[in-house]
Amino acid sequence: MGVHNKNVYPQIKELLGIPDDEPIFILRGQDISAVRAISAYRQHASIDIRATRGSSGTAFLRDVESCIDDFVEFGIQNPGRIKTPD
């Protein structure tokens, strides 16, 4: 599924309780760019959380770190499946 294929989005949004008009973006473990993208997101989220003094932000950032760890581990365990985005 590329970013251009939105046919499955309604099902995902329904499953996750996301409003129909809210855009989503999905990264997969096979995407060679995913770890860098999530790491950049974590950096920006950290800045935003500090700026707003979000008390639940620490737990959220730990969850993002865990996600990064999962993606890295997937790449280590499945090097043949890692590829450029398509």
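Just so it is clear, none of the values below were taken in a lab; they were calculated from the coordinates. Because the structure is a prediction, the values reported are computed rather than measured. Ideal geometry is used to build each Cβ from the backbone, glycine not excepted, and the neighbour counts take in all protein chains shown.
General remarks:
- With 0.36 nm allotted per residue and the present C-alpha distance subtracted, the R28-I76 stretch has 15.8 nm of extension available.
- For the chain, built as a Gaussian network whose Cα springs stay under 10 Å, the top-fluctuating residue of D48, D20, D31: D20
- Each helix, a run of at least 4 DSSP H residues, gives -39500 (n - 2.57); summed and divided by the residues of the chain, these come to -18500 deg cm²/dmol at 222 nm.
- If the chain linking T84 and N7 were pulled fully straight, counting 0.36 nm for each residue of separation and taking away their Cα-Cα distance, it would gain 25.5 nm.
- Loop-exposed trypsin sites (Lys or Arg not before Pro) per DSSP, neighbour cap 13 Cβ within 10 angstrom, longest uninterrupted part of the chain: 54-86
- Comparing F74, F25, F60 in a Gaussian network model of the chain where C-alpha atoms under 10 Å apart are linked, the largest mean-square fluctuation is found at F25.
- Neighbour net charge for K13 - beta-carbon separation under 9 angstrom, K R +1, D E -1: -3
- Selected from I47, I12, I26 as most flexible by GNM, with the chain as the system and alpha-carbon contacts under 10 Å: I12
- Shape of the chain, Cα gyration tensor, a/c cut at 1.5: oblate
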